[in-house]
Every structure is written in C-alpha cells, then in structure tokens.
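The values are calculated or read from the model by the stated rules, or taken from the named source; none is laboratory data. It should be emphasised that the depicted structure is a prediction, and the values quoted were computed from it without experimental measurement. Here the Cβ positions follow ideal geometry from the backbone for every residue, glycine too, while neighbour counts run over all protein chains shown.
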C-alpha cells in the first residue's frame, strides 16, 4: 500500500510537468511565429479550458501532497485543466515562472490575458510582489482575462469558468487578506467585474456579504454606496445580454435585490431598464418569455404603481394594431389553458372525493 502511494506522487508530478512543458512549447512557438500567433494562443486557451477526462483525472486526483485533492475537483464534479494547473503553479511557483515570462512577452496578443487569468489567478494572490507596477499590470490582466472568459460562458450559456468566478468571489473578494494584495484600483475593477456576473454564476446568497466588502470608490458621493454600484453594474449588464436563456436567468435572479436601500436615481435606472424589456419591438425586441419575466421582476421589485404601469402598457399596445393578432391569440390560448387546468383540477378533486372511504 505504501509503495502504491509513493508511486502515485511522482506519477502525478510527472504528468503536471509534462502539461507545463507542452504549454511552454506552444507559447514559444507563438512567440517565434507572428503570423500564427493568434491561432496558437487560441488553441492553447482551448486546451487548458478543456475538461479533464477520466484517465487523466485518475492520475491527477489523489490525496498526496503534490496532487489535487478530491475536495478540489472543480465545481459540480467538473474539473478542467486550468483548475489543475492553477493549483499546481500556486503550490510550485518556480515551475510556472517560465510560462509567466512567455505570457508577459505576449501581453498585447489576443487570448494572452485569458490564459494568464486561468493559469495564475491563484498564484497572484499568494505570491509577494514588491514591484507595484508589475502588481498592477498583473491585476489588470487578471480582470481583463476573467471578463473575457466570463463573457464566453454567457454567449454559450455554459458555466465552464464557474470555478474561476467562485475563487475570485469566495477566496478574494470576501477575504480581505487576499484582496488587499492587489492595488486599490484593481480591487475596484474586480468588484465591478464580480457585480456583473454574480447573478449568472448563481451566487445570490453571497450578495449581502459581497456588498459589505466593497472597496472605497472615489466618486461614491455621485453614484451612491456599494449597493448602488452593484445595481448599476447589473443594469448595464442586462442591457448587453442577447442570449435569451441567460437574460431569463438574470431576470429571475434579480428579484434578490428587493429590499436593498438604493438612491432614487439607481432605483429609477433599474426600473427603466426592466420596463424596456416589457414592450415588443425596438430597440430591445424582447421575446414574449422575456417580456413576461421582465414584468414579473418589475412587479416584484416595485409593487407600488403596478396596475397603472400595466394599464399604460396596454394603452400603448393598442396604438400598434399589428400587435393585436398575436396578443389576442396569446390571450385566447392562456384563457383556454386556464379553463382546461381548472376543469382538470375539478375532475380530480371530485374523483378523490368519490374514492375516499366513507366513514360510519
């Protein structure tokens, strides 16, 4: 048994070293081939974002000191190569230094910040960097790279990079010792970044703690407090979303903002944003599902004035006759469904009464 445990340690270490060597070779090829640089970096990014297959996971996942522990096997059982490598470079930073040096030489290239964010997001908050300029550069690269990969998740409606988000939220934003390792400007950018994606990655239960950890903003007297900054970022994010399932997810999750103390300007901004999704046509062109979800969120967050809003909306709908056929049809279908389900409920209740045993 001891011999088996001893053999698994060098096996895992050798596998991670081999992965690092392949990454280093691809970065060197990208540096030497300007014409193929973007494609090579894109391929490398795709490789490290892949999910670890079962064969590789058996080698990597172990209880040994130099391997990934079972508790760290990604999010929802999904373990990607960047999860493994980020832990590895955090534990053995000297093995990541050659790769980091190559990434720095490719700073201005597409996908360089993506790769840096995936591979070195843990290393950045554990290592001690004395040079403030380098620290600021790395912090900005992390925020830029994380923003890009989170948007990839939104565009594909997947959560492949959820472990990166959860680390930045749980282990950095909510942990002052790590958060204070990066400059204040980067702390603010990180707060804004996490604010935009906190609903997407299903972290609404941590919003209260997240708002309390908000760094000081120099223009807070203009935009308001931490809650206002969070809502402003979410409002801007909503207006950028074009993927219907993601937009519906945001509209369902945004109800958590009810009860927050917001400035009048912030509250009006959110109300206007939600109201813009309730009407068909430009500039949003929301689908019927989005319009109903927006109405639900709007009525839940702002119950005062609910009926006048619906009345005004109905009045404006009447000004556009080309919407009447679809509205009438949907109203008719809804009525038929309501009657049908009511009839089913009535028949079921009568059947249960008939089936119930009679008492003496």
**Item:** Condition broken by residue 292, with the remaining ones in (1) without any contact (Cβ under 8 Å) to a residue 12 or more places away in the chain; (2) within 20 Å of residue 231 (Cα to Cα); (3) in a helix (DSSP H, G or I) satisfied
**Value:** (2)
**Request:** Might you let me know whether region 236-249 holds any residue that is part of a loop (DSSP other than H, G, I, E, B) and closer than 17 Å to residue 296 by Cβ?
**Result:** yes
**Asked** Residues 273, 214: which one is part of a loop (DSSP other than H, G, I, E, B) and either in contact (Cβ under 8 Å) with a residue 40 or more places away in the chain or buried (at least 16 other Cβ atoms within 10 Å of the Cβ) (or both)?
**Response** 214
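Give the residue, chosen from 137, 178, 159, that is within 24 Å of residue 49 (Cβ to Cβ) and outside any helix (DSSP H, G or I). Quick ask: steps written out before the conclusion?
On the way: 137 fails: outside any helix (DSSP H, G or I); 178 fails: outside any helix (DSSP H, G or I).
From the options 137, 178, 159, the qualifying one is 159.
For region 16-45, give me each residue that is closer than 19 Å to residue 161 by Cβ and modelled with pLDDT under 95.
Of the residues in region 16-45, the ones closer than 19 Å to residue 161 by Cβ are 19, 23, 41-45.
Across region 16-45, the qualifying residue is only 19.
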**Request:** Would you please list the contacts, defined by Cβ atoms under 6 Å and residues six or more apart or on different chains, that run from a residue in region 98-119 that is in contact (Cβ under 8 Å) with a residue 12 or more places away in the chain and at positive phi to a residue that is in a helix (DSSP H, G or I) and surrounded by 19 or more Cβ atoms within 10 Å (Cβ to Cβ)?
**Result:** 111/41; 111/45
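Are any residues in region 148-158 surrounded by fewer than 18 Cβ atoms within 10 Å (Cβ to Cβ) and in contact with a helix residue (DSSP H, G or I) (Cβ under 6 Å, 6 or more places away or on another chain), and if so, which ones?
First, pick out the residues of region 148-158 that are surrounded by fewer than 18 Cβ atoms within 10 Å (Cβ to Cβ): 148, 151-152, 155-158.
Scanning region 148-158 gives 148, 157.
Please verify whether residue 185 is surrounded by 16 or more Cβ atoms within 10 Å (Cβ to Cβ), modelled with pLDDT under 95, part of a helix (DSSP H, G or I) and out of contact with any strand residue (DSSP E or B) (no Cβ under 8 Å at 6 or more places or on another chain), treating the condition exactly as stated. Steps first, please.
Details: surrounded by 16 or more Cβ atoms within 10 Å (Cβ to Cβ): no; modelled with pLDDT under 95: yes; part of a helix (DSSP H, G or I): yes; out of contact with any strand residue (DSSP E or B) (no Cβ under 8 Å at 6 or more places or on another chain): yes.
Answer is no for this residue.
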